[in-house]
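Enquirer: Take this structure, written in structure tokens, and hold onto it; I'll ask about it next.
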Amino acid sequence: MAAAVVGGLGLGLEASSGADADRVTLQARPLVVSSGTRVTLFGSVDNGRAGEDIKVQAKDCGRDFFRVVSGAVTREGGQWMQFYWLPGPTTTLRAIWNDATSAEVTIRRHAYVGLRKRSAGRFEVTVVARAAWRKRALIQRFDRRLGTWQAVRAVVLTDGTFGWASAMFTVRAPKGTRIRAVFPRSQTGPCYLPGTSNTLTT
């Protein structure tokens, strides 16, 4: 089944044919999310009836199976809608109705990056992403003269568990300098998009 805009259900089911994908559809907005973003799932069935049961399955990045994560019931005209909060990494979704499976859609997720000030000149960066431990976050400061962000150091994330990692660091910069942390593409792996933290002032 070709990746499209969301679809499917059914643990261990084979990809659907093009005809199946036309019988039940699933779409999602937005297709790129950050932590805590709600995704709207919607679609239709080809018989146009209300009261039809729809099941939604997800396959997380790095996994080889789908699991049921949500469901919906069609309205008059065969339309349906449901909300979904993406709890993990980049995920592929599909919908199932009776014996038909929709086209698949991938929802891509940014790694969450948080920045907190601990004391004068001392900060903590936290990254929520699978296998973030021992990866590097880049600390940047805003150059007012150039109007761009400039890297000032890299921080190794040494504290944490499977789902998150953090590190304390210091920054030597004039008072009032804006700083932020970035978890770049080189560190995210295939399951996350790069992430950028909130901005703080030294």
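Enquirer: So Val6 passes all but one of these: (1) assigned to a loop (DSSP other than H, G, I, E, B); (2) surrounded by 21 or more Cβ atoms within 10 Å (Cβ to Cβ); (3) at pLDDT 85 or above. Which condition number does it fail?
Expert: Just one mismatch for Val6, condition (3).
Enquirer: Could you check, for the range 166-184, whether at least one of its residues is at pLDDT below 95, part of a strand (DSSP E or B) and under 17 Å from Thr37 (Cβ atoms)?
Expert: No, the range 166-184 contains no residue that is at pLDDT below 95, part of a strand (DSSP E or B) and under 17 Å from Thr37 (Cβ atoms).
Enquirer: How many residues does the range 80-98 contain that are touching a Lys or Arg at 6+ places or on another chain (Cβ under 9 Å) and either surrounded by fewer than 20 Cβ atoms within 10 Å (Cβ to Cβ) or among the hydroxyl-bearing types (Ser, Thr, Tyr) (or both)? I'd like the intermediate steps shown before the answer.
Expert: Going through the range 80-98, the residues touching a Lys or Arg at 6+ places or on another chain (Cβ under 9 Å) turn out to be 81, 83-86, 88-98.
Keeping just the survivors that are either surrounded by fewer than 20 Cβ atoms within 10 Å (Cβ to Cβ) or among the hydroxyl-bearing types (Ser, Thr, Tyr) (or both) gives 81, 83-85, 88, 90-92, 98.
Within the range 80-98, residues that are touching a Lys or Arg at 6+ places or on another chain (Cβ under 9 Å) and either surrounded by fewer than 20 Cβ atoms within 10 Å (Cβ to Cβ) or among the hydroxyl-bearing types (Ser, Thr, Tyr) (or both) number 9.
Enquirer: While we're on this one: Given the criterion closer than 22 Å to Gly189 by Cβ and at pLDDT below 95, identify the matching residue among Leu31, Leu86.
Expert: Values: Leu31 fails: at pLDDT below 95.
Checking each option against the conditions leaves just Leu86.
Enquirer: Of all the strands (runs of 3 or more DSSP E) wholly in the range 90-135, which have at least 2 residues that are more than 22 Å from the chain's Cα centre (by Cα) and either more than 28 Å from Leu26 (Cα to Cα) or of a type outside the set (D, E, K, R) (or both)?
Expert: On the way: elements: 91-97, 104-109, 112-119, 122-128.
Those strands (runs of 3 or more DSSP E) span 91-97, 112-119, 122-128.
Enquirer: Restricted to the range 115-141, and to residues that are of a type in the set (Gly, Ala, Ser) and more than 15 Å from Ser186 (Cα to Cα), which residue is surrounded by the most Cβ atoms within 10 Å (Cβ to Cβ)?
Expert: Keep residues of the range 115-141 that are of a type in the set (Gly, Ala, Ser), which gives 119-121, 129, 131-132, 137.
With more than 15 Å from Ser186 (Cα to Cα) added as a condition, the list becomes 119-121.
On the way: Ser119: 8, Ala120: 8, Gly121: 13.
Ranking the qualifying residues of the range 115-141, first place goes to Gly121.
Enquirer: Next question, about the same structure. Return the total of residues in the range 20-71 being touching a residue at least 24 places away in the same chain (Cβ under 8 Å), part of a strand (DSSP E or B), under 16 Å from Thr91 (Cβ atoms) and open to solvent by 50 Å² or more (accessible area, probe 1.4 Å).
Expert: 7
Enquirer: Further question on the same structure: Could you list, in sequence order, the residues of the range 144-198 that are over 24 Å from Cys61 (Cα atoms), touching a residue at least 60 places away in the same chain (Cβ under 8 Å) and open to solvent by 40 Å² or more (accessible area, probe 1.4 Å)?
Expert: Arg180, Asn198
Enquirer: Still on this structure: Restricting to the range 102-114, and then to whatever is of a type outside the set (Gly, Ala, Ser) and open to solvent by 10 Å² or more (accessible area, probe 1.4 Å), can you tell me which residue is farthest from Ala21 (Cα to Cα)?
Expert: Keep residues of the range 102-114 that are of a type outside the set (Gly, Ala, Ser), which gives 104-110, 112-113.
After this cut, where a residue has to be open to solvent by 10 Å² or more (accessible area, probe 1.4 Å) as well, the list is 104, 106, 108-110, 112.
Details: Glu104: 9, Thr106: 15, Arg108: 21, Arg109: 25, His110: 28, Tyr112: 33 Å.
Taking the candidates together, the pick is Tyr112.
The values are calculated or read from the model by the stated rules, or taken from the named source; none is laboratory data. The structure displayed is predicted, hence computed values, not measured ones. Here Cβ is always computed from backbone atoms with ideal geometry, including for glycine, and neighbour counts include all displayed protein chains. Just so you know, the surface numbers come from the protein's heavy atoms only, side chains and all, with ligands and any DNA or RNA stripped out. Shrake-Rupley method; radii C 1.70, N 1.55, O 1.52, S 1.80 Å.
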